[in-house]
Amino acid sequence: MKTYILAIESSCDDTSAAVMENNRILSNVIANQEVHRKYGGVVPELASRAHQQNIIPVVEAALTEANITKEKLSAIGFTRGPGLLGSLLVGTSFAKAFSLGLGIPLIEADHMMGHILAHFILGDDVNKKFPEFPFLCLTISGGHTQIVLVEDHLTMKVIGKTIDDAAGETFDKAAKIMGLPYPGGPVIDALAKEGDPLKFSFPKPQIPGLDFSFSGLKTSILYFIRDELKKNENFIEENKYDLSASIQKTIVDILMARLIKAQEETGIKNIALAGGVSANSAMRDALLKTGKEKGWQAFIPEFRFTTDNAAMIAITAYYKYLKKNFASLDVIPYTRSQF
Ligand code: KG4
Ligand code: ZN
């Protein structure tokens with residue numbers, strides 16, 4: 001018998017709903033919230049209001065696109081955390097009501113686990129090779145930077161994480177300093193394609209173990225650009241391609257150095273990327289190139305499942321459904337990473 005899962009993702013500024021038939025994606029609808037653009041970052045209160053407005057039309061669109069009625073659903077999944085509390089509450093409350101109304105199980109999913117399990121979604125490529133266990137996953141998003149040891153679909157351990165800013169946040173802050181729009185990661189990625197990554201160099205953190213630190217880099221970008229602007233007020237405009245390429249290279253090098261260290265320490269040769277920053281073209285190239293040189297099996301997620309989406313929550317809910325790992329109706333969201 002086939003399992004049909006509807007899942008909701010509302011942890012940050014995108015409202016998304018997806019329908020899955022077993023591990024195969026039938027629909028994945030994402031409503032981006034434009035309201036934050038003019039503030040240069042996500043405004044939590046506006047995000048939760050926009051989720052409230054979007055959630056019913058987005059769910060309806062996901063069901064229509066999947067061509068199924070809600071009566072056919074086996075379960076409903078939702079992001080319990082981490083994320084913005086008000087935003088998470090909208091998805092959580094909606095999912096509870098849906099579960100109660102239809103008499104189907106409620107399944108909670110962790111957003112970071114979802115990013116990783118996006119690798120197991122059957123999407124465009126029907127011959128897709130899924131990562132083999134155990135594998136290491138470098139999970140890089142707007143709020144998190146983690147190296148995760150993935151033992152099976154639902155057993156994961158963080159073996160390295162950022163002690164301050166996340167990789168995506170560093171892209172976004174660098175873009176903000178350069179006067180570029182939010183979110184800055186994709187903008188820097190596009191500009192970097194025309195630039196010289198060796199034009200400017202920035203310091204790399206020296207911290208022990210498998211942890212990351214990006215706050216020093218962020219500060220050095222800020223001071224460097226501030227000092228250059230004193231000498232030439234057109235510095236950013238004249239150097240935006242080279243600045244983007246050099247900043248991007250520094251972030252990718254920091255991430256890759258830690259990933260190589262984790263690989264050497266664990267001996268695990270299956271290596272994956274996940275999260276919004278895994279959409280970055282230089283990051284994807286670096287993993288594939290290093291993987292080839294070092295004899296790793298490298299896995300990069302399908303592009304449309306890198307940034308926040310409900311398909312990754314649906315696949316997480318699917319694996320929990322198989323284990324009858326259901327949530328009770330009194331479940332409440334959490335804002336900080338649980339693992
Ligand atoms: O996973 P995600 O969609 O949301 C969170 O869970 O945070 O990640 C969003 C982050 C943002 O910081 C955004 O700038 C970054 O992913 N991002 C990128 C690219 N696309 C999205 N960073 C670098 N290059 C990209 N192409
Ligand atoms: Zn995310």
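Odds and ends about this structure:
- Comparing THR139, THR162, THR69 in a Gaussian network model of the chain where C-alpha atoms under 10 Å apart are linked, the largest mean-square fluctuation is found at THR69.
- Subset of LYS199/LYS269; LYS96/LYS320; LYS129/LYS193; LYS128/LYS157; LYS161/LYS323 violating a 27 Å alpha-carbon distance limit: LYS199/LYS269; LYS129/LYS193; LYS161/LYS323
- ARG37 versus ASP152: modelled label distance in nm, points set 7 Å from Cα along the beta carbon direction: 4.6
- Overall shape: oblate for segment 51-110, with the ratio a/c of the largest to smallest alpha carbon gyration tensor axis at 1.5 or above and b/c at least equal to a/b.
- For the residues ASN28, ASN232, ASN309, a GNM of the chain with alpha-carbon springs under 10 Å puts the largest fluctuation on ASN232.
- Helix-only mean residue ellipticity at 222 nm for the chain, each DSSP H run of n ≥ 4 adding -39500 (n - 2.57), per residue, nearest 500: -14000 deg cm²/dmol
- Neighbours of GLN297 by Cβ distance under 12 Å: Lys/Arg scored +1, Asp/Glu scored -1, total +3.
- Each eigenvalue of the Cα gyration tensor of segment 135-301, multiplied by 5 and square-rooted, gives one semi-axis; in descending order these are 29, 15, 14 Å.
- Value of relative contact order over segment 135-301, rounded to a whole percent, pairs C-alpha under 8 Å and six or more apart: 28
- For the options VAL35, VAL150, VAL126, a Gaussian network treatment of the chain with springs between C-alpha atoms closer than 10 Å singles out VAL126 as fluctuating the most.
- The chain - percent relative contact order, Cα under 8 Å, separation 6 or more: 24
- Antiparallel DSSP beta bridges within the chain, percent to nearest 5: 60
- Counting only alpha carbon atoms, the long axis of helix 311-322 and the longest principal axis of the chain meet at about 50°.
- Rounded percent of accessible protein surface that carbon and sulfur make up, the chain, 1.4 Å probe: 53
- Tilt relative to the chain, helix 281-294 - C-alpha long axis, 0 to 90 degrees, to 10: 90
- Surface exposure of the chain, expressed per residue as accessible area with a 1.4 Å probe, stands at 44 Å².
- With Cα atoms, 0 to 90° folded angle of helix 235-266 axis to the chain main axis: 60
The values are calculated or read from the model by the stated rules, or taken from the named source; none is laboratory data. Source: prediction; values computed, not measured. Methodologically, a virtual Cβ is constructed for each residue, glycine included, from the backbone with ideal geometry; neighbour enumeration extends over all protein chains shown. Ligands, DNA and RNA are stripped out before the accessible areas are found, and what is left, the full protein with its side chains, is counted by its heavy atoms. Shrake-Rupley method; radii C 1.70, N 1.55, O 1.52, S 1.80 Å.
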